Amino acid sequence: MQLSIWQMALVGVIGLLGVGFYGLLIGRNLVKLIVALQILVKGALLALIAAGSANGKMNLSQSLAMTVIVADTVVAVMGMALAVQVRRRLGTFDVKALASLRG
Amino acid sequence: MSLLILIVLTIIFAVLAIHASRLLNAALWLAGVSALVSLIFYLMGATQVAVIELSVGAGLVTILFVFAISIAGENEIETTTVLPKPLIWGLTALYVALLGIYLLPASLAGVPAVVEAPLAEVLWETRALDMLVQVVLIFCGVLGLLGILGESQAPITGTLADEMIARRERELAAMQQRAAGAGED
């Protein structure tokens with residue numbers, strides 16, 4: 001069976017989204033969680049470009065993908081800032097340490 | 001066929017990034033995922049986004065990760081997970097199954113022939129609001145970077161301060177030992 005480009009890209013989309021979701025659930029390290037989030041966004045980007053190539057609207061999907069890349073980078077910056085500050089105040093990257101915020 | 005090999009390689013790199021024991025290794029595997037994804041974009045015809053993904057995803061974000069890890073240091077965390085492992089596997093399998101059920105039928109549809117406006121027109125006229133949002137987001141990113149660099153506001157925790165004192169004492173002891181050794185000669 002010959003897979004089309006769109007079907008091959010969908011395999012990648014499902015794989016990347018699955019790995020990212022698994023990483024979000026299994027991770028306890030804040031930095032690892034951001035890495036998992038980045039992998040999820042890579043899957044979403046691939047889905048956008050694949051949809052563009054399937055519909056013949058590549059320019060529209062490219063302009064949307066650019067917005068996603070910028071938003072994704074800002075999310076990574078904010079997440080790392082949060083992680084570094086948590087490490088400074090609590091001495092660890094462990095998400096369980098954040099339970100100390102509970103009143 | 002080369003596209004399928006790249007896609008499988010990307011998923012393998014993503015798994016390695018999740019399972020890397022050191023944070024620096026995880027950041028570098030993530031850079032690999034970004035580079036491969038940008039190569040896939042190029043092969044699919046999205047050349048402009050491929051260039052941006054390579055420079056921002058594989059370049060800027062990796063530098064950011066390495067910078068933040070070098071500031072905060074590596075941190076060994078016990079390997080037990082917050083949720084029980086069977087539940088994690090079950091949820092992931094359910095997620096992938098749902099994605100497959102809803103996405104794969106869409107892949108059987110044919111490709112319509114569409115004549116599209118050039119990228120510059122789509123970017124600056126059709127999606128003009130997006131560009132405005134991007135400018136605001138970039139400002140947010142700069143503020144976030146200040147959050148990484150804002151060292152002076154945060155107090156050093158007890159463990160870090162103790163570590164610094166112990167290091168200073170070790171250095172002092174070594175200096176005294178050297179001085180004593182020089183005196184004997």
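Fully extending the segment from residue B:138 to residue B:116, taken as 0.36 nm per residue of separation minus the present Cα-Cα distance, adds 5.0 nm.
Give, in nm to one decimal, the length gained when the segment between residue B:104 and residue B:1 is fully stretched (0.36 nm per residue of separation minus the Cα-Cα distance). Gain in length upon complete extension: 35.2 nm. Take the Cα of residue B:179, step 7 Å toward its Cβ, do the same at residue B:82, and the gap between the two points is 5.1 nm. Dividing the radius of gyration of the alpha carbons in chain A by their Kirkwood radius gives 1.12 for Rg/Rh. All other residues whose Cβ lies under 14 angstrom from that of residue B:6 are scored, Lys and Arg at +1 and Asp and Glu at -1, for a net of 0. Only one residue of B:99, B:131, B:87 has its Cα farthest out toward the positive end of the dipole of the protein assembly as shown, where Lys and Arg carry +1 and Asp and Glu -1 on Cβ, and that residue is B:87. For the segment A:31-37, counting C-beta atoms of other chains within 10 Å of every residue's C-beta and taking the mean gives 6. A Cβ-based charge dipole, computed about the Cα centre of chain B with Lys and Arg at +1 and Asp and Glu at -1, lands at about 380 debye.
If R0 is 30 Å, the Cβ-Cβ spacing of residue B:167 and residue B:70 corresponds to a FRET efficiency of close to 0.95. Charged side chains reduced to their Cβ positions (Lys and Arg at +1, Asp and Glu at -1) give the protein assembly as shown a dipole of some 540 debye around its Cα centre. For chain A, the Cβ-based charge dipole about the Cα centre amounts to some 440 debye (Lys, Arg positive; Asp, Glu negative; other atoms uncharged). Take each peptide in A:88-99, B:114-125, count the other Cβ atoms within 10 Å of every residue, and average; sorted highest first, the result is A:88-99, B:114-125. For residue A:57, a cut-off of 20 angstrom between C-alpha atoms picks up these lysines, skipping any fewer than 8 places away in its own chain: A:42. What is chain B by shape, rounded, prolate or oblate, if you read a ≥ b ≥ c off the alpha carbon gyration tensor as root eigenvalues and call it rounded for a/c under 1.5, prolate for a/b larger than b/c, and oblate otherwise? Here chain B falls in the prolate category. Shielding of peptide B:121-129 by partners, expressed as the average count of other chain Cβ atoms within 10 Å per residue Cβ, is 3. Straight-line reach from residue A:32: taking Cα to Cα under 18 Å and skipping same-chain neighbours fewer than 8 places apart, the aspartates and glutamates in range are A:72, A:94, B:74, B:76, B:78. What's the extension gain from residue B:9 to residue B:43 if we count 0.36 nm per residue and subtract their Cα-Cα distance? Full extension of this stretch gives 10.8 nm more.
Per residue, the protein assembly as shown reaches -25000 deg cm²/dmol at 222 nm when only DSSP H runs of four or more residues are counted, each adding -39500 (n - 2.57).
The amide H of residue A:91, built 1.01 Å from its N in the peptide plane, has no neighbour under 5 Å, considering only residues 5 or more places off or on other chains. Within the shell defined by Cβ-Cβ distances under 15 Å, the residues around residue B:34 carry a net charge of -1, with Lys and Arg each +1 and Asp and Glu each -1. With the Cα gyration tensor of segment B:20-110 giving a ≥ b ≥ c as the square roots of its eigenvalues, does the rule (a/c under 1.5 for rounded; else a/b larger than b/c for prolate; else oblate) give rounded, prolate or oblate? Judged from the Cα gyration tensor, segment B:20-110 comes out oblate (a/c at least 1.5, b/c at or above a/b).
Bear in mind that the values in this text are calculations on the coordinates, not laboratory data. Please read these numbers as outputs of a predicted model, since none were measured by experiment. Positions of Cβ are backbone-derived with ideal geometry, glycine not excepted, and every protein chain shown enters the neighbour counts.
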